[in-house]
Amino acid sequence: MTPNIHLNQLGYRPADIKKAVLPGNATFFRVVRVDGSFAFEGTPGDAIYDAPSDETVRVADFSAMQEKGDFVLVAEIAEGSEESYPFMVCNEPYNGLRKALLDFFEYQKCGVEVGGGAWAHPPCHTTPATIYGTNETKDVTGGWHDAGDYGRYIVPAAKAVADLLIGHENTPNPDANLLETVRFELNWMRKMQCDKTGGVYHKVSCHHFNALDEMPHDEHNALVLSPISATATADFAAIMAMAGRFFPDDATDMLTAARNAWAWLQANPDYPTFKNPDDIFTGGYGARTDADERYWAANALYAATGEAEFHDYVKGSEILVGLGWGQVGTYGIYEYLFHAHNQDETLAAAMRDTLLSQSARILDLQAADPYGNSLGDNYMWGSNMTVANNALMLLITRKLTHTAGFTQKQLTQAAWEHLHYLLGRNPLSQSYITGFGENAARHPHHRPSVAVGQCLPGMVVGGPNRNTQQDDAMKTHRNGAPPSKAYIDHQDSYSANEVTIYWNSPVYAVSAMLGL
Ligand code: G3I
Ligand code: 9MR
Ligand code: ZN
């Protein structure tokens, strides 16, 4: 049975702030060594009603315990006692996590042989794709499979690449292979641009999702390029402009690609939002508006070129926010504040205020949540992405020289609390990262893992989704569950237990920026 004591199942470093969540009727707690002796004792905090889980809980703070070793936390409750999953206190409890998060992108590679263990496979999806509504074909091989499915979609790809690059340029200890990993995706993205118009095809996939137990190289249905979209074209322009500074040898071509995409956007100011054609049923990634994608592109192009046209566009727009696949404004702010040379002081000040107020909101939500999470009760499909995005937001804010109202240390700690949530300190005592933690997700909606009957480690699953009607497994087993408990570790649950490149990427960025 899942324990009622929730903590980071990987553990903590000796000097870390260490908090566990206990049942509301807990009166006393002990941290117990493997030999049964006590390492620490304490009284939990006041009982708190936690609306997202519909439970009353207490927080146990054992930060003062700095002893290294293997432990369990035991709480005394009215009818006896409760015990946590085992955890470690040591210098490097998160060893291997960041590497596994990044390795995932190697396993998601399309069009080339994938090496490594049970999930190895020969090249997949190597045939040219038909441009929707024509007889024309185009070579768009390469890139990463998006998720548990084998579609390759520009919109989420742009977010994933942006996170990896932000993590890379803000870490004290960069990963030697990160840029080559990312280059693979960027090369594919460039093939997705129409040579004639500069517009970018929204995605390449088959017409339907294939069976859940099929390996990538066993999917042989025809590949089709969905129509060009403004969101994809703007995300593409942004990521190419941004990527140039990481790839000096390719920067000229990347900038040309970005400019061509921008020209398409200028020629198509009011383009209808993307919707799947009637006979294509794979991921939609339609955004309500492309204003924020265009905003990101203009900021990135301004940072890359310093040209007035892009600056004017940014100055003429309201400040937009978001670090999701569908709302990307904060990536634009990031480009302007940290990479544009000539800044408009008033505008820059307003952007800094925007970062600060976004972070203030996250900190307020976190302070009200015993689990240290900042979602309120807003647990949607892919909620774990929002958890990680919020932590990333705090770490981006930490880059400001003046973080009025809060300290850099506070921002760092707040980011950590999000990671503790993902690694098990949540109402289900569920580690949402496969392979990491005693009770890590084991049955992700990830086709290669299902096909070989073995779960690939290092994948961030979607997490609780309060819309429990969104898939049959959730409907059957979790119908009406409270928001933060609306999760099931079941391979059929695509709305709570799938994995994606853009759920791994913000967790990677946070790990990198925390120096893990
Ligand atoms: O933003 C709205 C919010 O305003 C509204 O109140 C709320 C009420 O339901 O919904 C929110 O929208 C949600 C949206 O994600 C943004 O968070 C939708 O409910 C939710 O259905 C939607 O889920 C997306 C899902 O596709 C279905 O479109 C996920 O974000 C997205 O990650 C997921 O992506 C799939 C791809 O299509 C295919 N590949 C796998 C991938 C992951 O499952
Ligand atoms: O398996 C698909 C998953 O990868 C997608 O993210 C999800 C998005 O809607 O859809 C899954 O496919 C399901 C389809 O949408 C409905 N019929 C059942 C499919 C799951 O096997
Ligand atoms: Zn493939």
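Are any of the pairs 99/191; 203/275; 18/68 more than 19 Å apart by Cα-Cα distance, and if so, which?
With Cα atoms farther than 19 Å apart: 99/191.
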Self-check item: Extreme residue, positive dipole direction of segment 237-382, given options 375, 257, 355 (C-beta unit charges)
Solution: 375
Quiz item: What is the projected area of the convex hull of the Cα atoms of segment 215-289, averaged over all directions, in nm²?
Solution: 7.1
Quiz item: When each pair of different Cα atoms in segment 177-237 is counted once in the 1/r mean, what is the Kirkwood radius in angstroms, to one decimal?
Solution: 13.3
Quiz item: Among the aspartates and glutamates, which fall within straight-line cross-link reach of residue 159, defined as a Cα-Cα distance under 13 Å, with same-chain neighbours fewer than 8 residues apart omitted?
Solution: 146, 185, 235, 292, 293
Exercise. Using a 1.4 Å probe over the heavy atoms of the protein chains, calculate the carbon and sulfur portion of the accessible area of the chain as a whole percent.
Key: 49
Practice problem: Would you kindly state the longest site-free stretch of the chain, with sites defined as GluC sites (Glu not before Pro) in a DSSP loop (not H, G, I, E, B) surrounded by at most 13 other Cβ atoms within 10 Å? | Solution: 319-516
Exercise. Sorted from largest down, give the three principal axis spans of the alpha carbons of segment 288-366, whole angstrom values.
Key: 40, 29, 18
Quiz prompt | Histogram of C-alpha separations across segment 37-169, 5 Å bin width, % | solution = 2, 7, 11, 13, 10, 9, 9, 10, 9, 8, 5, 4, 3, 1, 0
Exercise. Taking just the C-alpha trace of segment 285-442, give me its Rg and Dmax in Å.
Key: 17.2, 54
Exercise. Over all alpha-carbon pairs of segment 141-190, lay out the pair-distance distribution in 10 Å bins, whole %, shortest bin first.
Key: 25, 52, 21, 2
Practice problem: Express in whole angstrom the spacing between the alpha-carbon centres of segment 305-377 and segment 233-251. | Solution: 20
Self-check item: 17 Å Cα-Cα reach of residue 399 towards aspartates and glutamates, excluding residues that sit fewer than 8 places from it in its own chain
Solution: 163, 169, 335, 353
Quiz item: How much accessible area per residue does the chain have, in Å², with a 1.4 Å probe?
Solution: 37
Self-check item: Alpha-carbon spread of segment 5-69, three principal axes, descending order, Å
Solution: 35, 20, 18
Quiz item: Size of the chain along its principal axes in angstrom, Cα-based, largest extent first?
Solution: 72, 55, 41
Quiz item: Can you tell which of 91, 162, 303 lies farthest toward the positive end of the dipole of the chain, using +1 and -1 charges on the Cβ of basic and acidic side chains (Lys, Arg; Asp, Glu)?
Solution: 303
Self-check item: Packing-based ranking, highest mean first, of 375-381, 114-120, 15-21, 327-333 given that Cβ atoms within 10 Å are counted
Solution: 327-333, 15-21, 375-381, 114-120
Quiz prompt | Rg and Dmax of segment 410-488, Cα atoms only, in Å | solution = 13.7, 44
Quiz item: What is the log10 of I(q)/I(0) for segment 244-375, computed with the Debye formula using one identical point scatterer on each Cα and no solvent, at q = 0.15 Å⁻¹?
Solution: -0.85
Quiz item: What is the dipole size for the chain, taken about its Cα centre, with +1 at each Lys and Arg Cβ and -1 at each Asp and Glu Cβ, in debye to the nearest 20?
Solution: 460
Self-check item: Using distinct alpha-carbon pairs, which all enter the 1/r mean, Kirkwood radius of segment 83-158 in Å
Solution: 15.4
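The values are calculated or read from the model by the stated rules, or taken from the named source; none is laboratory data. Computed from a predicted model, the values in this text were never measured in an experiment. Neighbour counts run over all protein chains shown; Cβ positions are idealised from the backbone, glycine included. The protein model used for the area step is the full one, side chains on, heavy atoms only, and it has no ligands, DNA or RNA in it. Shrake-Rupley method; radii C 1.70, N 1.55, O 1.52, S 1.80 Å.
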